[in-house]
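A short worksheet on the structure shown next.
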Amino acid sequence: MTEPQDFLAYIVKGLVSNPDDVKVEKTVDDMGVLLTLSLNPADMGQVIGRQGATAKAIRTLVRVAGMKSNARVNVRINEPQRESSATE
């Protein structure tokens, strides 16, 4: 588990109720590595935490893991698409 995306998946799967829905996509560009996290909409609150504290801690941990492999790593959490109701 030396890659930052594996580390991110490991952390988040331990927090959520639906670990099978956790997906991490890695994109590399001149700014560094961007890890995009997708998860079950029901688990968003657990990953973000109160006032974003959990998400901030996760980002910090992954950034430190990236430093170990000499990479600048950022984490983006995908907001799930809300289903629009027919009564709107």
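None of the figures in this text is laboratory data; all of them are computed from the coordinates on show. This structure is a prediction, so every number in the text was calculated from the model and none was measured. Backbone-built Cβ (ideal geometry, glycine too); neighbour counts: all protein chains shown.
Summary table below
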{"quantity": "For D29, net neighbour charge (Lys/Arg +1, Asp/Glu -1) across residues whose Cβ lies under 14 Å away", "calculated": "+1"}
{"quantity": "GNM flexibility winner over the chain from D21, D43, D30 (Cα, springs under 10 Å)", "calculated": "D30"}
{"quantity": "Environment charge at A57 (Cβ cut-off 12 Å; Lys +1, Arg +1, Asp -1, Glu -1)", "calculated": "+4"}
{"quantity": "Computed helical MRE - 222 nm, the chain, DSSP H runs ≥ 4 contributing -39500 (n - 2.57), nearest 500", "calculated": "-11500 deg cm²/dmol"}
{"quantity": "Ranking of V62, V47 by count of other Cβ atoms within 10 Å, fewest first", "calculated": "V47, V62"}
{"quantity": "Rough spin-label spacing in nm, given labels placed 7 Å along Cα→Cβ, for S17 and E79", "calculated": "2.2"}
{"quantity": "Order of S17, S38 - criterion: other Cβ atoms within 10 Å of each residue's Cβ, fewest first", "calculated": "S17, S38"}
{"quantity": "The chain - percent relative contact order, Cα under 8 Å, separation 6 or more", "calculated": "30"}
{"quantity": "Sum of side-chain charges, R76 neighbourhood, beta-carbon under 15 Å (Lys, Arg +1; Asp, Glu -1)", "calculated": "+3"}
{"quantity": "Helix axis angle, 53-68 relative to the chain longest principal axis, alpha carbon, degrees", "calculated": "30"}
